[in-house]
Every structure is written in C-alpha cells, then in structure tokens.
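Every read-out reported here was derived from the displayed coordinates using simple, explicitly stated rules and does not represent laboratory data. As the structure is a computational prediction, the values presented were derived from the model and not from experiment. Glycine also receives a Cβ, built like all others from the backbone with ideal geometry; neighbour counts cover every protein chain displayed.
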Amino acid sequence: MDWLQILSNTASSILSPATMGYALAALGLAVHFGYAGLINMGIAGFMAIGAYGYAISILTFGFEWWLAAIIGLVAAAVFALILGIPTLRLRGDYLAIVTIAAAEVVRLLFLTTAFDEVTGSADGLSGYHASFRASNPLPEGTYGFGPWTYNDTGWWVRIMGLVTIGIAVLVVWMLTHSPWGRVLKGIREDEDAVRSLGKNVFSYKLQALVLGGVLAAAGGIVYALPSAVSPGVYVTSLTFFVWTALLLGGAATVFGPLLGSLIFWALQTFLSNVLPALAQAGLLFGLSQIQAGTLRFILVGVALMLLVIFMPQGLLGNKKELTFVK
Amino acid sequence: MMLLGLFLPAASAYADDDDPYRISGNVQLDGEPLEGVRLTIDGPGGEQEVETDENGQWRVGVPERNADYTVTLDEETLPEGIAVVDPEDETPNVKDVTVGPGGRVTVNFFIGEGQRNVTSFFDQLVARVVQGLSFGLMLALAAVGLSLVYGTTGISNFAHGEMVTFGAIAAVFLVGPASLALPWWLGYPFAVILSALLGLVLDVILWRPLRRKRVGLVQLMIVSIGLSLALRYIFQLFIGGGTRQLPGASDPKIPLFGAVQLSVIDMTSIAIAIVVIVAFALWLTRSRLGKATRAISDNPSLAAASGIDVDFVVRVVWTLAGGLAGLAGILYAYYRPGIKWDMGAQVLLLMFSAVVLGGLGTAFGALVGALIVGVLVEVSTLWIPADLKYASALFILIVILLFRPQGILGRRERIG
C-alpha cells in the first residue's frame, strides 16, 4: 500500500473542482434549509440546470464562457421561481417530495433522446472549454508544490472556483447578518410569528429559494468546468451527498458547508484509495476491490443517519440554534 | 406504426469516427431492432453509406456542422411487407436534416407494416391501459405500505424503495438458479416473510428508539434517506452493478385480444396483486387491528387515550409494509424485467406520487393513486418518448399538489 500516494491524493482533493462544486451547492442548501428552513431535496436539479445552461449556451448558441455562466445562473433563478411559486406554501415533507420530483423531471429531460441534438442525452456534453481556456491569463506550464501541482488550465479552473466561493461566502455572510437574514431565521423558527409582524413570508422564502438555487447552479458550473457534463451525475444521490456535506459542517452556518464539503471529499478520496488497497491486501474479509469501493457509499449513508440523530447542528453549528424545528 | 426511437446507449461515443460531428439513429419495428438496413447520407464531405448493426443502430461521422444533409433509407433492405410510412410526406424514406451548432443530430423515420397492418390507436391505448393497470397494481402494493407508515408514524420513508429491492434480492437468492434454487412456491413466500422481517427489525432497532427519543419528523425523514443510501449500496455490495433475472422472466407473451399481450407470469402477478390488496383492504376495514391502525392514522393521541397500544400497531404496520414492499419487489422484478441494486429507488418517487395523489396517509388513496400513476406512465408513451414516461407522473404529482394538496381522497385539513 502506497500511503504517500494515498495521502497526496487526499490532500489534492481539497482543491478539486468537485469539492468546490459541492461547497457552493451546500452553501446554497444552507440558505434554503439552514436559514429559511426549506427542505429542498432537489439541489441536484439546480446543479444540473447550471451546468447544462453553461454548456448548452456555449455549444448551441456559441456564447462566450462568462455570458454562458450568467445564463446558467439565470436559468437556475427562473427554475427556482417556477418551482417556488406553487410549492412554497406546502408543509416541510411535501416540499421535500416536490423538489426531489422536480429535480428528477429536470434530469429526465436532459437525459431523454428527444433533445439529443442539444443535450447529448446519455452521452452528456463536452468540448465547451475553448472560450474559458482562451481567457486564461496564466502562462503555460505547471505550477504548485507537493500534492497541489496542476497545469495552467487546472489552476485557472481552481482560481475561478475559489473566486466564486469567495464571492458567494461574502454575499451569504452579509445577507444572513442583515435584517433580511434575521427575518429568514425567524421564518425558520416560527412562520406565523413573523407573519404577524407584517412580513411577507412567501416573498422572503422565494428570495431565499432563488438565492440558494443560484449558488447551487454556480456549484454545478464549477463542477463541470474542467471536464464534461454527464446526466449520470445529477441523480438523487448527489442531492443526498450534498445534504450529508451540509449537515456535517453545520446547516445554519456560512463556513459549515465549506468545511463539510472539504471533509466529505477528503474522506471520500481517502477511502476510495484506501479501501481497494486494503481489499487487495486481503484485509477486508475477502471483499473484492470493486466491493470495497462500494463500502464508502454505505459509510456515507450510515454517517448521514448518525449525524442527524446525534449531531444535528453539525461541526460548526450552535446546539442552541435549533436547525430542526418541530 | 411505430416511432423510430433514438436510443443511444451511454457507452456509444462517436470518437470512433474521424469526423467530429455525427448523425445517428435507430431502426426498430415494434421494439425489435432491424439489422442490415442500408441508409445513405449525402451532404458536405460526400456521400456515405451505413448499415444498421445488430441493435438496429447506425451512425456516421460528418465533417461539418451548421450544414444540411439528406438521409435516405433504402426500403429495399427492409423486411418483406415493411415500409417507411408518413401520410404527410410523399417520399417518407428521404429526410433532410441540419447538423446544428451542437454537432449532433438524430434522424427519425416512421416505420410500419405497409399501410395495411398497423395497430389502431384504440388497440394501442387498450394495450397500454392493461400494461398500466398491471404496473399500477404492483405499485399499489408498495405504496399502501408507504402510506400506512406515514399515517401512523408521520415518517416520509425514503428507504421504502430499498424495502422493495430487498424483496426482489431475497427472491433471487432463494429461487435463483445460481444460489439456493428453491421451487418458486416455497421461495417467493419465504422472500416476502424475510421482507416483513426486515420491516420488523428496522422498527425494533431504528424507528422505535428514535420515537422514544422524540426525534423530529424532518430528522426522521433524513435518517430514512441515510438508511436508503446505506441499504442501496449494501445491495450493490452483494449483487454488484449488473442485472439478474428471476426464473421465467423471459417467458413468451400470449396474445389475448386486440394488441394486448401478457405472459402467464404477468397474469399471475396481476391476480396475486388483486388478491393481496383485497385481503389487505378487508383486514384494514374489518379486523380489530386494522381498525386500530386507521384510528392511529386519524389521531394518534386520541387512539392512545382510548386504550390502543400504539407501539404494537406501529410495529405491525412496519412489518406489513415490509412484506407488501417485498412482494411488490418480486412482481416488479418480473415487470421490468430484472433485478438491480437501485431498482427500488427508481420507483420510489412514483410511489410517493401515488401516495400524494391519493392523499398522504390514506391507505385507499394510495391504491387509487397507484393505479392512476401506473396507467398514466404507460399511456403517456403514446405521445411522449418512452424515456420520459416517469417524468410525466412526477409532473402530475407537482400539478396535483398545486390544486389539491390533500390528494384525491384526502381531507381538506391535511393541506400541505
């Protein structure tokens, strides 16, 4: 077993676009669930719309990458409006079922062969990088040290990802520490009390849904920035994984989603390297290497259960600030 | 008449051609791929000929996008008596297509047995409805349990799909030729009993302690999601990512009437589902325990105050839900056909649709909802592509929640 390689891969995953994509999506989910109390189980749908909006804008309409990214975000905002206007009046578990169903409808629409020319159906989309890479100011070459050594394209993706996260964190932090954020938390704790103070609860919820949705779409774009958009990614499992990352870090915090995603991916990378190696060495009760790879997803499920039962506030959350009302 | 689908498997990349863009399609007749059909593609880059492979698929690489191509299907290479048909087109076997900026395009032909032998729309509709009812009955078995659990405990159980999968996997381990190979009349009831035991065990080790701990409903829902993930990947650990078959899954279909074709197993499935659902309905309305279950669904505190042992009834409900889900899993394994580690997760949202459609927490609502969802899913394929059929049910779910959130049989006060 090559421990050095395993640790290097794990350390490298801290700066991977996947980690950043999860972090942004989890931050959006923190706005939805942590602050507004909306149980959005369709975060994968928002990510899909961001990623497909970006890729389709470039491939089908030939836009520049920054315009394509904006279109991806706007598409997610529109989706949030369409989804929110009918459903935000529903009680918690209804909202969960509707959002998960809406995300599946979105995925099936991207997957169907009926729109193959635009969406690439099961193949997904790729080859939309020219414009983004052309805007790269870094000179060609390989930079970095230790496990964080990437070429100029790799760094450009990561820099843009980090910049996006920086802006997103700043916006969410400022908003949640503003009167707007306090109203939102009030809605989470007791909707009727806030309504009796003359606030338009529906409008606040809708704003939160749009903001979180746009953040999740940004996550989808960052996730798809280095390689390709594949419909197999945006399944309900993705939603559940983002939830796990969020609850791990702390749902009602700004930095919890970032920490949660980081730990989630570092652990995933570590286990995906270690478990097959252990299996190969015959230390896993005769499991094959493929079976050992499955083991880490079982652990995600178990971790999610234990987290919700024993540590619902997450690592960075405050136990007094209840994130699960009722 | 049959719409030529464009079913391109995920693995089929177009990189094997030198040219960067592609035109592709699929030639089928009534779902059977046609091999060796010749097509000619003309346009920028010259004329190309291609024949369909054993899956009825064809593809060509073309050098330019934003360009027009003509695709001609050579009708001489179609089987005897088969033709491309399109009443609005004089030369239906010739199509003009434009390779768009996306660089890929698929070409559709309508193919049928001349003009004479086409199945009438009405016959197709009847066949779809029968198919949908069969699917709906299977769905109902699973959805009734989901609805009862919600009614008595308030949990939206996202792990219910895994209970369905468990039944099918237990069946393949008991009856499958590669493992115990028990006779089916022994193996399948045993698989259902094992599924019921799973429901019981989950209640004893997980749900009851959480009830005691007074964990909130949203938390319980997320616990069930974690459980669903864990169980799903445990199944994958045991049976891998492939598909397994129960014995007899590929039995021949017997034409009954019109365009309706069912195998013996299909008909048995329908009969079993109806018998079990009727028995369950009688249990729910006639027996003491069934009445207690409905009382708890109605008002748990009042039921407890009138001397009903809520904990015991909830345990019975979990056991029953497990057994019914397991039975649904075996029937679903024949309906799909095949057993996969995530097969239950695929129908979980349809079950939720059924339950919400009928009214969350009402057992008979779930039955009605499941039949509607089943028929809707199958009949919708007459108008929309088959790979969007589940989307239609989920779309209806969203629309229903807009106008009647309490569902068809739900009471008004249950508003979401």
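Numbers below:
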| quantity | calculated |
| --- | --- |
| Tensor-based shape of the protein assembly as shown (alpha-carbon gyration tensor, a/c under 1.5 rounded, otherwise prolate or oblate) | oblate |
| Helical segments meeting 27 Å axial Cα length and Kyte-Doolittle 0.0 threshold in chain A (DSSP H) | A:65-87, A:92-111, A:152-176, A:201-224, A:256-280, A:289-310 |
| Cleavage-rule hits (chymotrypsin sites (Phe, Trp or Tyr not before Pro)) in the range A:144-193: DSSP loop, at most 16 neighbouring Cβ within 10 angstrom | A:145, A:148 |
| Nonlocal amide H pairs with residue B:67, under 5 Å, H built at 1.01 Å | B:99 |
| For residue B:109, distant residues with modelled amide H under 5 Å away | B:4 |
| Cβ crowding within 10 Å averaged over residues, with B:393-404, B:191-202 ranked highest first | B:191-202, B:393-404 |
| J(HN,Hα) series, the range B:212-222, from Karplus relation 6.51 cos²θ - 1.76 cosθ + 1.60, nearest Hz, glycine and proline x | 4, 6, 6, 6, x, 5, 5, 4, 4, 4, 6 |
| Mean ellipticity per residue at 222 nm, deg cm²/dmol - from DSSP H runs of n ≥ 4 across chain B, formula -39500 (n - 2.57) | -17000 deg cm²/dmol |
| Order of B:275, A:31 - criterion: other Cβ atoms within 10 Å of each residue's Cβ, fewest first | B:275, A:31 |
| Candidate lysines - alpha carbon under 27 Å from residue B:340, same-chain residues fewer than 8 apart omitted | B:253, B:389 |
| Inter-chain shielding of B:207-218 (mean C-beta neighbours from other protein chains, 10 Å cut-off) | 3 |
| Shielding by partners - mean other protein chain Cβ count within 10 Å, residues of B:349-356 | 3 |
| Vicinal HN-Hα couplings computed from phi for the range B:297-306 (Karplus, 6.51 cos²θ - 1.76 cosθ + 1.60; Hz; Gly/Pro x) | 4, 6, 7, x, 5, 4, 4, 4, 5, 8 |
| Average beta carbon contacts from partner chains per residue of B:398-405, 10 Å cutoff | 4 |
| Positive-end residue of B:383, A:21, A:260, charge dipole of the protein assembly as shown with Cβ unit charges | A:260 |
| Point-charge dipole on Cβ atoms (K/R +1, D/E -1) for the protein assembly as shown, about Cα centre, debye to 20 | 4940 |
| C-alpha long axis of helix B:264-286 to longest principal axis of chain B, angle in ° | 30 |
| Overall form of the range B:267-416 per C-alpha gyration tensor (a/c, 1.5; a/b vs b/c) | oblate |
| Amide H partners (placed H, <5 Å) of residue B:29, local residues excluded | B:34 |
| Cα-centre dipole for chain B with unit charges at Cβ (Lys and Arg positive, Asp and Glu negative), debye to 20 | 3920 |
| Fully extended contour minus Cα-Cα distance, from residue B:129 to residue B:49, at 0.36 nm per residue | 24.7 nm |
| C-alpha center-to-center spacing [the range B:275-313, the range B:315-363] in angstrom | 21 |
| Helix-derived mean residue ellipticity, 222 nm - over chain A, DSSP H n ≥ 4, -39500 (n - 2.57), to 500 | -22500 deg cm²/dmol |
| Extreme residue, positive dipole direction of the protein assembly as shown, given options B:27, A:303, A:83 (C-beta unit charges) | A:303 |
